[in-house]
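The values are calculated or read from the model by the stated rules, or taken from the named source; none is laboratory data. Keep in mind that what you see is a predicted model, and the values were worked out from it rather than measured. Reconstructed Cβ throughout: ideal geometry from the backbone, glycine too, with neighbour counts over all protein chains shown. In case anyone asks, the SASA skips ligands and DNA or RNA and just uses the protein heavy atoms, side chains included. Shrake-Rupley method; radii C 1.70, N 1.55, O 1.52, S 1.80 Å.
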Amino acid sequence: MKPAFRPRIIPRLETWPWLVRLVQTRSGKVALAAVVGGILMLNQDHKALVISIVLLATSLWPQHRRLLVALATFYSLLVFTLGANGASNQYYLAVILFFLFAGICTYQAHRRPDAWIFRRPVRNLLVFYCALVVIVSRLSFNGFAVATLSLFVLFGGKYIWFLGYALLDRRRKGQQPLLVRLFHFQPFWGSTNVPYPKGESYLARIEARTGQDLAVTQLKGLKLVLWASVLKVVLALFDQLVHGSPGCFSRWLPGSFCVPYLQTAIAAHLARQPFPRDLCWLSVMANFCVMLLNISIMGHFIIGICRMAGFNALRNTYRPLASTTIAEFYNRVYYYFKELLVDFFFYPAYFRYFKDRPRLRLFFATLAAAGFGNLLYHILASIGAVSQIGLWRLIVGFHVYAIYAMILGLAIGISQIRSMGRPPAKSGLVSTLGVMFFYCLIMVLDSRNLNWSIADYGSFLVNLFIPFPR
């Protein structure tokens, strides 16, 4: 019996035998790289030409894929990160010092994986980095050395989790040369401070081995790039239709709902000029939708290019609206961030504490990851603000996000405990709406605005249910 027909916006290109065969030819590889480059140019990606050339090179010479990826990443670092921002000589020196430090750590960890400092490498790395942040924040005098150290800390914050994965892979055999591994940090296909995808061992598992595998993987990557482009149009249309923002669709749209952005709604509430309660609710729901679209667009572009380079990485966002539990949604919406928290915080806590109490063990490890690890990641991601406001004010300013992370960790932990020993929940409208409602509300606290307190956010949330008098 044939499966039921399902209409698709983007067809399953990887199931078309003639297209798979075409992509394996030289002309097909050139055409595919040109198509992806053209799509990226239409999306105003300033690296589109470079990415297209690198993708073509990795297709034509797959045996040199890792070296080509490393060279492209090094070029992107020099031209698009350092060169485009007008980096000073001190910043170049800080970058060199960081890669020297990362190279020494990675080399020594691979040579002596059982040395005491590498038995728990991620913990020791984070302790060292946090101590360095405290030291730099306490230095009151100026000078070349202090400025270089500050830039070392700032640059290291973007790469700390990549180095963490390199240290976790210390026991893996048959690794790439050290420089090639180092220049897989922040790869050319794009990334946040979260590695997309994970470390060396993960890349080795998902790398295409044959021409057929490469063709299928690249067509899957093309699909993701196309999906990201479609979602980008949807986001622009949503922004104009819901928020009334000017854009390319203005001539075709007769009007808009003029729903305020969430930050605007909260600011109006704090100024004692609140929007009507229905508009505040719409603002909360629209904020959730925009978050989903932004994460999906970013992840689809990054993983799409990663697949085009020959690595069959899992999607970052995969059908989050089909989630029936809070834990399942968190796993589906931002997969690689969840994996970072699992690898660096969940597993160390899970394998160390409460081994004779499985429920408490799972709950504590989840809280350590989604709560503490989540908070620590975002503080380190904002470490550049230390030079403007100081370390203490930065930490205090994150108290709202700390409460958000704690609530999220508790909710995910409870969700996982409730699922223990039960069959997977069937998809249902009520459970899905409950999950979406929870995330709509908690996303109000997902803010790095250091000027508002938890009382400000709390009063806005209470006003959604019990409106205050004007």
Hey, A313 hits all of (1) open to solvent by 10 Å² or more (accessible area, probe 1.4 Å); (2) in contact with a Lys or Arg (Cβ under 7 Å, 6 or more places away or on another chain); (3) of a type in the set (A, V, I, L, M, F, W, C) but one; which does it fall short on?
-> (1)
Are any residues in the stretch 304-328 within 18 Å of the chain's Cα centre (by Cα), in a loop (DSSP other than H, G, I, E, B) and of a type in the set (G, A, S), and if so, which ones?
-> A313
Can you name the number of the only condition in (1) in contact with a Leu (Cβ under 7 Å, 6 or more places away or on another chain); (2) farther than 15 Å from M436 by Cα; (3) free of Cβ contacts under 8 Å to residues at least 40 places away in the same chain that F351 fails?
-> (1)
Scan the stretch 77-94 and give yes if some residue there is of a type in the set (F, W, Y) and outside any helix (DSSP H, G or I), otherwise no.
-> no
Kindly check whether there is at least one residue in the stretch 361-376 that is open to solvent by 20 Å² or more (accessible area, probe 1.4 Å) and either at positive phi or not hydrophobic (A, V, I, L, M, F, W, C) (or both).
-> yes
Going through (1) exposed (fewer than 15 other Cβ atoms within 10 Å of the Cβ); (2) aliphatic (A, V, I, L, M); (3) touching a residue at least 60 places away in the same chain (Cβ under 8 Å); (4) closer than 26 Å to E200 by Cβ one by one, V69 fails only at (1)
Given the structure, is V50 of a type outside the set (D, E, K, R), within 22 Å of the chain's Cα centre (by Cα) and assigned to a helix (DSSP H, G or I)?
-> no
Meets criteria (buried (at least 17 other Cβ atoms within 10 Å of the Cβ), within 24 Å of F345 (Cβ to Cβ), under 20 Å from the mean Cα position of the chain (by Cα) and among the hydroxyl-bearing types (S, T, Y)) for Y129 | no
Which of the residues that make up the stretch 316-348 are without any contact (Cβ under 8 Å) to a residue 40 or more places away in the chain, open to solvent by 20 Å² or more (accessible area, probe 1.4 Å) and among the aliphatic types (A, V, I, L, M)?
-> V342
Any chance you could count how many residues in the stretch 194-222 are surrounded by 20 or more Cβ atoms within 10 Å (Cβ to Cβ) and out of contact with any Asp or Glu (no Cβ under 7 Å at 6 or more places or on another chain)?
-> 12
Exactly one condition in (1) modelled with pLDDT under 85; (2) within 21 Å of the chain's Cα centre (by Cα); (3) not acidic (D, E) is not met by L168; state its number.
-> (1)
Count, please, the residues in the stretch 153-193 that happen to be assigned to a helix (DSSP H, G or I) and either open to solvent by 40 Å² or more (accessible area, probe 1.4 Å) or over 23 Å from I295 (Cα atoms) (or both).
-> 15
Out of all the residues in the stretch 223-252, which are modelled with pLDDT under 90, among the charged types (D, E, K, R) and touching a Gly at 6+ places or on another chain (Cβ under 8 Å)?
-> D239
Does the stretch 29-47 include one or more residues that are touching a Lys or Arg at 6+ places or on another chain (Cβ under 8 Å), over 30 Å from F152 (Cβ atoms) and either open to solvent by less than 20 Å² (accessible area, probe 1.4 Å) or assigned to a helix (DSSP H, G or I) (or both)?
-> yes
